[in-house]
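See structure below.
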Amino acid sequence: MVKRSRGGEVLSQEINGVESFEVESRKDEKKDNNEDISSASSFEQENEVDDTAPPNTKRQKQQLSAQDVQVARETAELFKSNIFKLQIDELIKELKLKDSHVSLIEKVLHRLYDVIQQIPEIKDLSLEHVETYLKNSKVSVPFPDPKPTKLNYQFSYLKPEEVSLVGSFGLKTGITTPKGVTVDIALTMPKSIFQQKDYLNYRCLYKRSFYLSYLCEHLHSLSKKNHLPIKISYEYVNGDVLCPALKIVSVDTQNEDDLIFAKTKSSIRLIVGFPFGIFDTKKLLPDRNCIRVQTSDDSKNLPPTPLYNSSILSSTSYEYYLKYLYTTKKTTEAFKDASILGKLWLQQRGFSSSFADGGFGHFEFAILMSALLQGGGVNGNKILLHGFSSYQLFKATIKYLATQDLSEEGYLSFNSLIVETNGAFYKKNGFNVPTIFDKNTKINILWKMTKSSYEILKKYASESLLLLNDVVRDRFESIFLENISSDLFKYDLVIKCPLNQFLENENFGPLEKISFLTFENYIKNKVYVVLRKALGDRVKQISVNLEKNDNIFSVSRRKPNSNLETNSLVVGLYLNPLECEKLITKGPNNDDQEACLKFKSFWGQRASLRKFKDGVIQLCCLWESSFEQPIIVEIIKYIFKLHLCNNEKDIDVKTSVNELQKFLPQPLLPASSKQSILSLHSYQSLNASYESLTKLLMNLELPLKIRSFSPISPALRYTSLLQPVPFAYSNPDFYNEVILQFESSTKWPDELIALEKTKTAFLLKINELLNNETNYKSNLTTFNKIQFNDSATSLTILTPEGYGFKIRILTERDEILYLRAIENSTERQKQILKKVYLEFVRNYMGAIKHHRTFQTLSHHYVFYSASVRLFKKWLDSQLLLVHFSDELIELIAIKVFVDPAPYSVPSSVESGFLRILQFLSRWNWKEDALILDLVKGKIDPEEDEDQMTNKLSDRLTIQSYQLINSNFEKLRQQDPSGSKLQFFIGSKDDYSGILWSNEHSLPLSVRLTALSRAAINILKQNGLNSETIKLLFTPALNDYDFIINLKLPFKLDSSSGILPQNSFKNLIQLTSFPEEIISDPLSKLLEELNKYFKDSIIFSSSKFTGLNPSGDENIISGLFYPGITTGTKKFKVNLGFNLKPSNEEDKVEFNKEAVITEIFRLGGDLIQGMNFKP
């Protein structure tokens, strides 16, 4: 709290948190005397800050030692660990499978086991006999490609050696999911069926395929007899085309004797495995070839078959690894819960053991934890301890994934023998593929992972580790509860290519077949390799997948229907914001002939020699920037056409970012169409004009010397919707506001009106000097954004370069006089004057702080400027931009950049805009405050203590966070429903949380949330394409009570600095100001309507008439307040709205007809018509 010797008692009593803003603003002001924005230095000396306020002084920063930081971190970590433990316990309870469902599934499993035991045996069938036997059956043998034709061995079905419950259900780590749980049962084929070399050339796989089809055939008939109604289909286990299984789901019947388990939403998967140790594991190492194909070369030159080998070895180890994990679970109490957390964490990020989902799921996570309990360090030191809690096990495993490279730099080697005492070791020099190697089974646990999926997993682990180390906020929801698996939101850029265009130019021969097994695997790998080489540092991670993955198919078919002609390749990119839009791809120096040949071979005709300023001559590729298309899309199109498709045809690359960027207004500037969306050239021209103006004003002869200029305009911090264009006088944001401060003086008047008149005198003097001695044009205008202060003025200046500025003066006496007015007022007046004081802070000190902060953030977060501008365009298209200040919009938009969890920082316009909408759709502002840490950069857990101390001193501390949150709780105690204040947005610049959000009505806030939810639902249902994007930017007008159609006698597009549609820039040029600058009359009409009817009608309109297709048309929508415009009321004086007598005695009602007539009168010829809600 704040203690004041004069004027302070009133603020200490204020619950809405204004005092917090005031105190913290002064504390930050003291940090930099050169940029001091306070005007009440003498007043500040009388303040005393209570010890409960967040400490933030330079002396405290210097005294904070590395040891203090370490102790604070350990204390906070312990507290967080305890809180997490409680949250985890509650989460585990919610995820637990229902006991009734588990009991029912167990009954089904027992009955299914009895059915399996009833299946008759059959021996020594030739391939011809197999085909004859199943000819009249509805079951096909799911032979893998290539389908066998002539074989010299026999097929048999004997009772399985073992029938084991495996997977998460067998380990008791299954969790409730919307899709239900899959119960895995492993049937081990008898050893007598196999021969020593059946691991070669698909032999064991063919035998298993027959075993599976025979099993399926008899399950159909026997299950009905045993009252187990089921539907059976084939399913590839984890997307492995070499390992088909039977998927069993329940069928509803009317028979009471039938055992039906449909209500559990579960399915049963019968997996046929091979006996453990049946084959020599050394022959099936990842670097061995086990598929012999005829080639002109010696067989020694055949490539290895790692996928084939690993698939066979994995089929021998289902029960073995279940026992291994079960033993670990018995020795480590928290292992089960940690496995569940890992499974949920992976599931929320779209990872599973399936090829299509990254190849890292619950099984791989549990094996990794088990190995780390044995060791895992370079010297075999244990990463995990058996006494760790589930939170500690999970966090340490995530840290290992984030910090250890298991692909290029090294790999993890462990031994799964239960009696083995040797630990697990991290060994240097990896195999260039993700590797966790079991020395006993000779299996690479990560055999289904690609370099692409491993890089993304490592990325997720690194981001989650940062969240786990965050001791200020509760990150539980971001880590475990939020699903981020949708391609729409998680990638910066998504590109789709029809798969059929890769078919003609690709040579998928026998050698490629045995290495990759399927054409889909082959083309995904090639696309990744080509893109990784072509894009280099422009991307951080690349994901390549198929749009459709058909792993389930009918038992009447040998394999799923081929969808190569209809399927698409989906490429997801995580971009490097600092590199992705660079115009040049640099190659080797001209001296390196070998490297130059490789570069030219890869890039083709694009490669050319260039000499740089430092004299170096290099091979390079030069790309053309475009306002509508990112450079990275141009590179992908070129490289796909060159290396993956028919070079004569145009490549079909589909991406939605082009359609989105079209909605950003293109400025009416030379070569604007060839500038990148990230180009700040137009803003830099404005800044140059601003710098020239300030230098000129500094040199003017005035009674007081100018101390500083502080800009507060969106265009000067790169966030204005329309880019600044010279002489674009119709732009509503044409005038850029600037706060001027003079040096300190004791002669400023001690009365507010007199002070304003003195400031006006200074502005008049500046106006005189500018008009008489320079080529600048200026004049005085009123400033009426603060209630009860009609004497405030500002100076509008037109520069020779074609830009406009508005200058206001701030003195050290202003704040003192506002606070004195509050102190000397009556209790009835205090609440009104507090709001006036808040308006003053918002328009002066608060605006300056906000501008400085966001100017820095706009430079740091490269795509923030374009993202927030597109967000403003969406708001304007939905008629909401006029209701929310630029500062509030920018604060909402910056959330996904400074606090992007659970995602990473957006690195494209598409990801930035969509995540802003998603945040708004999820934000429950009635219960949750938005607390922002407005600093750039992240805390790296691996940094040394000195670096961390410097960074932590600038970040939001726990004390600051708690202070802001307590202000929010106080507000909600008074206003639980949020009817008075909806958006609470706190930061170190505004501890009150209400500075920019206390002027909005509940219907507008609710509508913003509803529109964002509707937008997200449309995108989830229909995807992001040209039609849905167009729908996003189409105003939703059905909810309004009436719509006023307006038309101007002149167009405003070109005079607003917007390139008109279907026109040429060279035919439209703005070179000077007109004699009389006229602003948009529609905005004046909106002001008048709000002035007269603000208590009964909410008016909305597009702020930028020039952005509408015609350039001269706009609409104003109206929404009646239900409490005022419906029903009757008892007559009172000054009811505040137009009324008429009602049919009831002594009652009046809202006079809607008179109001409509008055609106037509005010609008005059601008109004073309009015439509009313049916």
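The values are calculated or read from the model by the stated rules, or taken from the named source; none is laboratory data. In this text, all values refer to a predicted model and were calculated from it rather than measured experimentally. When we count neighbours, we look across all protein chains shown, and the Cβ atoms used for this are built from the backbone with ideal geometry, even at glycine. We work out accessible area using only protein heavy atoms, side chains counted, and drop any ligands, DNA or RNA first. Shrake-Rupley method; radii C 1.70, N 1.55, O 1.52, S 1.80 Å.
Details
- Taking only Cα atoms of segment 679-853, radius of gyration then Dmax in Å: 16.9, 54
- GLU1144 accessible area, assembled protein chains, probe 1.4 Å, Å²: 100
- For LYS540, distant residues with modelled amide H under 5 Å away: TYR574, LEU575, ASN576
- Dipole check for segment 157-233: with +1 at the C-beta of Lys and Arg, -1 at the C-beta of Asp and Glu, and the Cα centre as origin, the magnitude is about 120 Debye.
- Solvent-accessible area per residue, Å², over the chain with all protein chains present [probe radius 1.4 Å]: 45
- Projecting the Cα positions of ILE822, LEU780, LEU417 onto the charge dipole of the chain (unit charges on Cβ atoms of Lys, Arg, Asp and Glu, taken about the Cα centre) puts LEU417 furthest along the positive direction.
- When the solvent-accessible area of the chain is split by element, carbon and sulfur atoms take up 49 percent of it, the probe being 1.4 Å.
- Net charge dipole, the chain: roughly 2980 debye, given to the nearest 20, about the Cα centre with Cβ charges of +1 for Lys and Arg and -1 for Asp and Glu.
- Ratio of Rg to Rh for the chain: 1.02 [Cα atoms; Kirkwood radius as inverse mean 1/r over pairs].
- Using a probe of 1.4 Å, the accessible surface attributed to LYS926 totals some 90 Å² when neighbouring protein chains are kept in position.
- Of LYS873/LYS926; LYS172/LYS336; LYS872/LYS1051; LYS336/LYS395, pairs whose Cα-Cα distance is over 18 Å: LYS873/LYS926; LYS872/LYS1051
- Modelled this way, with points 7 Å down the Cα-to-C-beta line, the labels at THR1071 and ASN1045 are 3.9 nm from one another.
- Neighbour net charge for PRO703 - beta-carbon separation under 11 angstrom, K R +1, D E -1: +1
- Pairwise FRET efficiency - PHE1172 versus GLU969, Cβ, R0 = 45 Å, nearest 0.05: 0.55
- Antiparallel DSSP beta bridges within the chain, percent to nearest 5: 80
- Ordering LEU284, ILE260, VAL249 by the projection of their Cα atoms onto the charge dipole of segment 203-305, which places +1 on the Cβ of Lys and Arg and -1 on the Cβ of Asp and Glu, puts LEU284 at the extreme positive end.
- Placing +1 on the Cβ of every Lys and Arg and -1 on the Cβ of every Asp and Glu, with nothing else charged, gives segment 246-395 a dipole about its Cα centre of roughly 480 debye.
- Helix 306-315 and the long axis of the chain differ in direction by around 70°, with both axes built from C-alpha atoms.
- Helix 335-348 vs. the chain, principal-axis angle (Cα, 0 to 90°, nearest 10): 60
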